[in-house]
Structure formats: structure tokens, C-alpha cells
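Take a look at the structure below.
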Amino acid sequence: FASATALLECHGLERRFGGLVAVTGVDLRIDRGEIFGLVGPNGSGKTTLVNAITGFYPPQKGRILLDGADITGMKPYLVAKRRLARTFQNLALFNGMSVLDNIMLGRHVHLRPSVAKTALYWWLGQPEEIAHRRVCEEIIEFLQLQGVRDEPVESLPIGLKKRVELARALVAEPSFLILDEPMAGMNQEEKEYMARFVLDARDERGITVLLIEHHMDIVTGICDRIMALNYGEVIGTGLPREVVANPRVVEAYLGK
Ligand code: ADP
């Protein structure tokens, strides 16, 4: 059932909300080291599919394998412990906190769970605290955020806010990263920066990426393969140029 090269496999996924079928019959395989794009018109089920994979809205039908392990219906924090990190479509940053503090929050998956252990951690755990900080500082450098590390996040332009979100996902040291419209609201230069960082995350850190993205120039520019959804169903999978030229995909976009 599980393929050796696949990092993620979905078989026959279905997620309904009451009478509404948001996603149905979705089969998906993402190989290690791929940048895999997920496209489709608004309301086609992209976020629902990601929410099913990450455990926020478990599927009512189908199976999900991550790195060979069945994670179907697993709670989001347990999925996160399996080295899956995500960013959200809408910014989820904490205003009033600095860039560095927002990024530090991304280390929570590595903190110890119980209160007693947490107390011990604060008492004995100085070296660990320093290790967390070191990872954050390293990612800040990777994403070229040094110049704003102590600024309050709300003071930043959208391009940098989205980069802080990416940083917060990367400090969890994921092997699989899901980005939900990381370039939304950006100007051309900001988009190109973000595209470069996504490529670098894969090329330099070996991170496999699932990218929900509306900008077709970005999708065809950086994705190895893509899948298109419409009304919750897969209408095309393959090389980006092939899928965007697929008549069903063209029709789905023009029909809106
Ligand atoms: P996309 O991400 O492609 O824009 P979504 O996955 O957000 O699409 O939405 C797919 C469909 O499921 C839409 O019709 C949307 O209204 C519906 N939907 C998504 N989340 C919920 C929810 N929590 N409750 C009810 N309906 C939802």
C-alpha cells in the first residue's frame, strides 16, 4: 500500500460539512523532495483537503499515510509531531509581540508536554532554551529577517509578515511543509522572494512542500507536479504546464 518514495499518500478522501461535499474521491501522492502545487477555483476544496490531512477536519472516508504511517483522524498536534508544519491562509501572527517571539512559538512542538516537566524545563532546561533560540536565529538568517527580528510584527508589510509565518513553520524543523496561499496579497517582488525561499527550503533543507497557490506563474515556475480541484473533485494531476492547459482545468477557472 505505502510507496517507498511517497511522503504523503491519500486514498479516496471525502470530507462533508452537513450536506455539502467539500472534498470527495481524492487520491494524492506526494514524493519526498517534491514541491507539489494544489490549485483550483475558490471553494473547490483546497483548504478542506489540507485540513483533512493535518487533522483539523478529519475525513469521513479514505486513508492518509504520512511517511508510511496511517495518520487518518489523528489530532493536529500529533500530526505536527510527525514533522508536518503548515501556514494558514489568513495571517495567524500575534500582534504586540516581536518577530523573534512570534517565530519562537513555532518551537512549541518540541517542548515537553506535562506541567511538571515544563517546570523542570525552565529550572534545568537552560541549554535547551538556548538550543531553541539557536534554531530560531538560524532560520531568521535563512529567511533574511535579521533586520526586523526585534520589531513588533504588526509594523511589517504583508510580504514580511508572510515570511515570519514561514519562519515559524520552519523552526519546527519539518520534513513536510504545507503552505496555504503564502503569496496572497503580495506584490511581484515579494512573490519572487517567497518563491525563492520555498525553493531554498526544498533544495537546501530537503523539505517536501505542498503549496496552495493562485498565481499560475509561480505554480508553473516552482512546482514539480500539481493537482487541480473543482467542486471537491480532482480534475487533473501531473506536470504544471500540462495541468494548466487541461481543458477541464481551463473550463473550471473560466466558469467562475
Ligand atoms: P478552497 O480552499 O479551495 O477555497 P475550501 O476548502 O475552503 O475551498 O471550501 C470548500 C467548500 O467547503 C466550500 O463550499 C466551503 O464553503 C465549504 N467549507 C469549508 N470549510 C467549511 C466549514 N468549516 N463548515 C462548512 N463548510 C465549509
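Laboratory data are not the source of any read-out in this text; all were calculated from the coordinates shown. Keep in mind the model is a prediction, meaning the values are calculated, not measured. Using ideal geometry, Cβ is built from the backbone for each residue, glycine included, and neighbour counts are taken over all protein chains shown.
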Students often get this wrong, so check it: of Lys81/Lys162; Lys46/Lys75; Lys75/Lys191; Lys61/Lys191, which have C-alpha atoms separated by over 28 Å?
Lys75/Lys191; Lys61/Lys191
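Just from its helices, what would the mean residue ellipticity at 222 nm be for the chain, if runs of 4 or more DSSP H residues each count -39500 (n - 2.57) and the sum is divided by every residue, rounded to the nearest 500 deg cm²/dmol? Show your work: numbers first, answer last.
On the way: 10 runs with 99 residues, N = 256.
The helix-only estimate for the chain comes to -11500 deg cm²/dmol at 222 nm.
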Cβ density ranking, 10 Å radius, fewest first, applied to Glu173, Glu165, Glu9 yields Glu173, Glu9, Glu165
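What ranking do 214-222, 191-199 get when scored by the average of other Cβ atoms within 10 Å per residue, highest first? Please report the intermediate quantities before stating the final value.
Working: 214-222: 16.3, 191-199: 18.3.
Most protected by this proxy first, the peptides run 191-199, 214-222.
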Given the convex hull of the Cα atoms of the chain, what is a quarter of its surface area in nm²?
14.8
What distance in nm separates the two pseudo spin-label positions at Lys75 and Leu105, each 7 Å out from Cα along the beta-carbon direction?
2.0
Could you tell me how far the Cα centroid of region 36-79 sits from the Cα centroid of region 166-189, in Å?
17
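Using a Förster distance of 30 Å, how high is the FRET efficiency between Asn187 and Ala4, based on the Cβ-Cβ distance and rounded to 0.05?
Values: r = 41 Å, r/R0 = 1.38.
After rounding to 0.05, the efficiency reads 0.15.
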Dipole magnitude of the chain about its Cα centre, charges +1 at Lys/Arg Cβ and -1 at Asp/Glu Cβ only, in debye to the nearest 20?
820
Relative contact order of the chain: what whole-number percent is it, with Cα pairs under 8 angstrom and at least 6 residues apart?
27
Can you sort Ile140, Ile130 from fewest to most other Cβ atoms within 10 Å of each residue's own Cβ?
Ile130, Ile140
To the nearest 10 degrees, how steeply does helix 126-142 sit against the main Cα axis of the chain, on a 0 to 90 scale?
50
DSSP bridge orientation in the chain - percent antiparallel, rounded to nearest 5:
55
Tell me the angle of helix 158-170 to the major Cα principal axis of the chain, expressed in degrees between 0 and 90 and rounded to the nearest ten.
80
